[in-house]
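Novice: Below is the structure I would like to discuss, written out as structure tokens.
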Amino acid sequence: MIQITLPDGSVKEYSSGITPMDVAKSISEGLARNVISAKFNENTVETTTPLTENGSLTLFTFNDADGKKAFWHSSAHVLAQAITSFYPKVKLTIGPAIDNGFYYDVDLGDDVISEKDFPAIEKKFLELARGKHVFSMREVSKADALAKYSAEENQYKVELIENLTDGDITFCDHSDFTDLCRGGHIPHTGIIKAIKVMSAAGAYWRGDEKNNQLTRIYGVSFPKQKMLTEYLEMLEEAKKRDHRKLGKELELFAFSAKVGQGLPLWLPKGAALRNRLEKFLEKAQKKAGYEMVMTPHIGQKELYVTSGHYAKYGEDSFQPINTPKEGEEFLLKPMNCPHHCEIYNHKPYSYKDLPKRFSEFGTVYRYEQSGELHGLTRVRGFTQDDAHIFCTPEQLDEEFKNVIDLVLYVFGSLGFEDFTAQVSIRDMENLDKYIGKTENWEKAEQAIINAAKDKGLDFVIEEGEAAFYGPKLDFMVKDALGRSWQLGTIQVDYNLPERFDLNYKGSDNQLHRPVMIHRAPFGSMERFIAVLLEHTGGKFPLWLTPEQVILLPISEKYQKYAEKVLDLLENDEIRALIDDRSEKTGRKIRDAEVSKIPFMLIVGEQEEKDGTISVRKQGEGDIGTFKIDEFVSFIQKEINSTIKQF
């Protein structure tokens, strides 16, 4: 008999050799119908794997991330099988699951797969899937594995196998198809009910442009056709909400080939929007005791060597700037934190002076590869809402929790209600990636976990996601389409204070090291605005939107009345403009709707006579006639309802 521990902590006893699927059936038939993958003692196993020792078992359905991974990995096998039926000479390479589906890289030789071939591949895929073929793993000797793929002249699989250890090589069989595979499959192909081949693109073998170019075929699959339909509808909505498209339509930002790739230009409306976001955070930070600082856009190379950033990020930075002075080198600033360490270092502090909270909207530069640039979400120059808190170890817990409160305030005021927190810690199997003492890392990781628990956050622990100098708490926010984005971050750092020899005089009259907290509720202004654009579809919260009101006089005769109303609104700090084009009112309304201006005020003979305005709300239509002071009160109430108090 063996003891199996389930996720709820309960322990059940079973006969040795029981499978995860048998365990699921022992719990309920309904669960067994939905289970598609499993982990035993944190190792991915097949649902048919015999369990022969005590351990912890987790069962996954398609609703779980691990379940999707097994589902999409299994689908990649079926996709490869479908492709080989059309292209018998194809050489298969790798086919992993990704965040939204899967892909398979193939060498087609002289053949080409294009969009017109997708329907036939999908049809063949479903035909194969309906066979309910079981995925079966088997161990293969290295010699036999090499012999199989050498006979097929598949140099890609041969290369993979040559880097594997004899005794650790497995093949996966289903139907008449076999592939080199480490495992992690659904029970059988029949669970896959819907497939969409999304695209085909070029990809170099192992990502190296010196190697052969392959064809990467992307797909996505689901256990129900309805789920695929909903997913494709979501993608269509995502296209409409693409921040690059909306940014152009709303005239927020632009890019110029002459300025350079990945360097956004903020247009007047976009700059005003950014400025409002900055003022919003500045106000909250002032209440929380932050002091604003400013630092240069460049720094001596030695500054980033001291911090460790040059060793870790030197390859992703712009090349050093050499001055006429021999041996003098500067870098475009890749991080703000080294500069803030030097601000702290400009004078001595006592424990009575701490914490010190320095904040800055600091622009940094990193040389991202051109193929990785994407609108505002991946750029080469971006502004962080950066702050660094220098505190005593005894103050760390309270300071960290106060930053959590600030992040939650930002999210709440901007409509991000659905999020989880991620405690990002070291990769324990690759500790060379990190700097600093083990005991400091352990203290920092535990401090973050304790703070997250005390604040009641829904959090997960992710190994290997820490910054090189310290662990962090990342906020993973879901947007209106259910997509997850990493936005705010808070990091605990014992290492930079050590590297920059920061200290303060304690109550014992001795020098001590402060602890450093890095934090950025927005993350970067560029990426945050991109996510906010896609989350809202361009319909920003009323307090933030570039233009809150547009006045639409129905003819030139009412231009002066419109100007009078405009002055009154602006006196109450309501952002408004007049559409004085000689267009029909219907056209003006349509254009205002496209521009996503929240309120349209129509003025004509009756309105001028009564001292009123006829109000339309974007996306809703006519909401009535208001006196001007009534409308001002209405707008102010709407604004106050969307922006939280800190």
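The values are calculated or read from the model by the stated rules, or taken from the named source; none is laboratory data. Small disclaimer: the values here were computed from a predicted structure and weren't measured. Positions of Cβ are generated from backbone atoms using ideal geometry, with glycine treated the same way; all protein chains shown enter the neighbour counts.
Novice: Kindly state which strands (runs of 3 or more DSSP E) lie completely within the range 1-86 and contain at least 3 residues that are in contact (Cβ under 8 Å) with a residue 12 or more places away in the chain and of a type outside the set (G, A, S).
Specialist: 2-5, 11-14, 55-60
Novice: So if I check each of K269, K210, which one is at pLDDT below 95, over 29 Å from D117 (Cα atoms) and not assigned by TED's automatic domain parsing to the domain that holds L577?
Specialist: K269
Novice: Please go through the range 129-155 and pick out each residue that is among the hydroxyl-bearing types (S, T, Y) and touching an Asp or Glu at 6+ places or on another chain (Cβ under 7 Å). Write out each step before concluding.
Specialist: Step one: filter the range 129-155 for residues among the hydroxyl-bearing types (S, T, Y), giving 136, 141, 149-150.
Hits for the range 129-155 are S136, S141.
Novice: A follow-up question, please. Report those strands (runs of 3 or more DSSP E) wholly inside the range 478-553 carrying at least 1 residues which are within 20 Å of L376 (Cα to Cα).
Specialist: 484-493, 515-520
Novice: Select from the range 534-549 the residues that are in contact with a Phe, Trp or Tyr (Cβ under 8 Å, 6 or more places away or on another chain) and buried (at least 24 other Cβ atoms within 10 Å of the Cβ) and list them in ascending order.
Specialist: Of everything in the range 534-549, just one residue is in contact with a Phe, Trp or Tyr (Cβ under 8 Å, 6 or more places away or on another chain) and buried (at least 24 other Cβ atoms within 10 Å of the Cβ), namely V549.
Quick grid of which residues meet (1) within 26 Å of A387 (Cβ to Cβ); (2) in contact (Cβ under 8 Å) with a residue 40 or more places away in the chain; (3) not assigned by TED's automatic domain parsing to the domain that holds F419:
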{"residue": "I529", "(1), (2), (3)": "yes, yes, no"}
{"residue": "E563", "(1), (2), (3)": "no, no, yes"}
{"residue": "L566", "(1), (2), (3)": "no, no, yes"}
{"residue": "I574", "(1), (2), (3)": "no, yes, yes"}
{"residue": "D580", "(1), (2), (3)": "no, no, yes"}
{"residue": "R590", "(1), (2), (3)": "no, no, yes"}
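Novice: Quick check on this structure: which one of Y204, Y231 is surrounded by 15 or more Cβ atoms within 10 Å (Cβ to Cβ), farther than 28 Å from S136 by Cβ and of a type outside the set (A, V, I, L, M)?
Specialist: Every option except Y231 fails the conditions.
Novice: Could I ask something else about it? Say we look at the range 424-451 and pick out the residues that are farther than 22 Å from C337 by Cα and in contact (Cβ under 8 Å) with a residue 40 or more places away in the chain; which of these is surrounded by the fewest Cβ atoms within 10 Å (Cβ to Cβ)?
Specialist: So the residue we want is N450.
Novice: Here is a follow-up. I'd like to check something: does the range 345-354 contain any residue that is within 22 Å of E278 (Cβ to Cβ) and basic (K, R)?
Specialist: No, the range 345-354 contains no residue that is within 22 Å of E278 (Cβ to Cβ) and basic (K, R).
Novice: Quick check, is G247 in contact (Cβ under 8 Å) with a residue 12 or more places away in the chain, in contact with a strand residue (DSSP E or B) (Cβ under 6 Å, 6 or more places away or on another chain) and not assigned by TED's automatic domain parsing to the domain that holds E127? Please lay out each step first, then the result.
Specialist: Working: in contact (Cβ under 8 Å) with a residue 12 or more places away in the chain: yes; in contact with a strand residue (DSSP E or B) (Cβ under 6 Å, 6 or more places away or on another chain): yes; not assigned by TED's automatic domain parsing to the domain that holds E127: yes.
It is true that G247 is in contact (Cβ under 8 Å) with a residue 12 or more places away in the chain, in contact with a strand residue (DSSP E or B) (Cβ under 6 Å, 6 or more places away or on another chain) and not assigned by TED's automatic domain parsing to the domain that holds E127.
Novice: Report yes if T420 is in the same structural domain as S524 (by TED's automatic domain parsing), touching a Phe, Trp or Tyr at 6+ places or on another chain (Cβ under 7 Å) and either of a type in the set (S, T, N, Q) or crowded, with 20+ Cβ neighbours inside 10 Å (or both), otherwise no.
Specialist: The answer is yes for T420.
Novice: Go through (1) closer than 24 Å to L180 by Cα; (2) loosely packed, with under 14 Cβ neighbours inside 10 Å; (3) in contact (Cβ under 8 Å) with a residue 12 or more places away in the chain; (4) under 33 Å from the mean Cα position of the chain (by Cα) one by one and return the number of the condition K89 breaks.
Specialist: (4)
Novice: Within the range 489-507, is there a residue that is surrounded by fewer than 21 Cβ atoms within 10 Å (Cβ to Cβ), outside the structural domain of G262 (by TED's automatic domain parsing) and of a type in the set (S, T, Y)?
Specialist: no
Novice: Does A452 meet the test of being assigned to a helix (DSSP H, G or I) and of a type in the set (A, V, I, L, M, F, W, C)?
Specialist: Spelling it out, A452 is indeed assigned to a helix (DSSP H, G or I) and of a type in the set (A, V, I, L, M, F, W, C).
One line per residue, one yes/no per condition, for (1) in the same structural domain as H518 (by TED's automatic domain parsing); (2) touching a Phe, Trp or Tyr at 6+ places or on another chain (Cβ under 6 Å); (3) charged (D, E, K, R); (4) in a strand (DSSP E or B):
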{"residue": "F330", "(1), (2), (3), (4)": "yes, no, no, yes"}
{"residue": "R357", "(1), (2), (3), (4)": "yes, yes, yes, yes"}
{"residue": "F361", "(1), (2), (3), (4)": "yes, no, no, yes"}
{"residue": "D385", "(1), (2), (3), (4)": "yes, yes, yes, yes"}
{"residue": "F390", "(1), (2), (3), (4)": "yes, yes, no, yes"}
{"residue": "E399", "(1), (2), (3), (4)": "yes, no, yes, no"}
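Novice: Which residues, counting only those in the range 484-541, are of a type in the set (D, E, K, R) and more than 30 Å from Y310 (Cβ to Cβ)?
Specialist: K505, D508, E534, K539, listed by residue number.
Novice: Considering (1) assigned by TED's automatic domain parsing to the domain that holds D386; (2) in contact (Cβ under 8 Å) with a residue 24 or more places away in the chain; (3) on the phi < 0 side of the Ramachandran plot, say which one G523 fails and leave the rest.
Specialist: The failed condition is (3).
Novice: Exactly one condition in (1) surrounded by 16 or more Cβ atoms within 10 Å (Cβ to Cβ); (2) of a type in the set (D, E, K, R); (3) out of contact with any Asp or Glu (no Cβ under 7 Å at 6 or more places or on another chain); (4) more than 22 Å from A520 (Cβ to Cβ) is false for K301; which is it?
Specialist: Unmet for K301, out of (1) surrounded by 16 or more Cβ atoms within 10 Å (Cβ to Cβ); (2) of a type in the set (D, E, K, R); (3) out of contact with any Asp or Glu (no Cβ under 7 Å at 6 or more places or on another chain); (4) more than 22 Å from A520 (Cβ to Cβ): (3).
Novice: What are the pairs with Cβ atoms under 7 angstrom where one residue, in the range 120-145, is over 14 Å from I186 (Cβ atoms) and touching a residue at least 24 places away in the same chain (Cβ under 8 Å) and the other, located anywhere, is surrounded by 16 or more Cβ atoms within 10 Å (Cβ to Cβ) and among the acidic types (D, E)? Sequence gap at least six, or different chains.
Specialist: R138/D173
Novice: Could you tell me how many of the residues in the range 535-559 are under 13 Å from I597 (Cα atoms) and touching an Asp or Glu at 6+ places or on another chain (Cβ under 6 Å)?
Specialist: Qualifying residue count, the range 535-559: 3.
Novice: Might you let me know whether the range 395-415 holds any residue that is under 18 Å from P514 (Cβ atoms), among the aliphatic types (A, V, I, L, M) and either in contact (Cβ under 8 Å) with a residue 40 or more places away in the chain or surrounded by fewer than 17 Cβ atoms within 10 Å (Cβ to Cβ) (or both)?
Specialist: yes
Novice: Now for a separate question. Report yes if G506 is modelled with pLDDT of 95 or more and touching a strand residue (DSSP E or B) at 6+ places or on another chain (Cβ under 9 Å), otherwise no. Write out each step before concluding.
Specialist: Numbers: modelled with pLDDT of 95 or more: yes; touching a strand residue (DSSP E or B) at 6+ places or on another chain (Cβ under 9 Å): yes.
So G506 fits the description; yes.
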